[in-house]
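A short write-up of the structure that comes next.
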């Protein structure tokens, strides 16, 4: 039987942003570095753990929010990878309602995109604390 984790040691963390900012790639790295996966799943290879639907793997985009659990020190982190395409905004908003915090991923090359602004406003609406994560710095 699993050891019970106190509620104050559980966090629901969302990864949110514009399409192609690197949300799923960031999620895959978190899973790898917390020891949940032994290999980093790559989106462009159709091997991302968080993209579980066949359509997601074929298109290389997240369509539905995906949740998994990882552990860091004495905390359980429920990681929620959300879609970035504007057509799936309602899926992101649905996820925001349960988050303790969010990492908003920004593509350092593309800058702040419209959907990132939308997600930021949605997080304001639900009072979700967030941090900015600037991704793809190696491409600047």
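Computed from the coordinates by the stated procedures, all read-outs in this text should not be read as laboratory data. Note that the coordinates shown come from a computational prediction; the quantities given were computed from them, not determined experimentally. Backbone-built Cβ (ideal geometry, glycine too); neighbour counts: all protein chains shown.
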Practice problem: Return the single residue from 24, 89, 62 with maximal mean-square fluctuation; model: Gaussian network over the chain, springs between Cα atoms under 10 Å. | Solution: 89
Exercise. Quote the FRET efficiency, to the nearest 0.05, computed for residue 11 versus residue 54 with a Förster distance R0 of 22 Å and r equal to the Cβ-Cβ distance.
Key: 0.15
Practice problem: Treat the count of other C-beta atoms within 10 Å as a stand-in for reagent exposure and order 91, 117 from fewest to most. | Solution: 117, 91
Quiz item: Does the chain come out rounded, prolate or oblate by the C-alpha gyration tensor, with a ≥ b ≥ c the root eigenvalues, rounded set by a/c under 1.5 and, if not, prolate when a/b is larger than b/c and oblate if not?
Solution: oblate
Self-check item: Expected 222 nm ellipticity per residue - DSSP helices of 4 or more, -39500 (n - 2.57), all of the chain, to 500
Solution: -7500 deg cm²/dmol
Quiz item: What spacing in nm lies between the two simple spin-label points modelled at residue 94 and residue 121, each 7 Å away from Cα in the Cβ direction?
Solution: 2.2
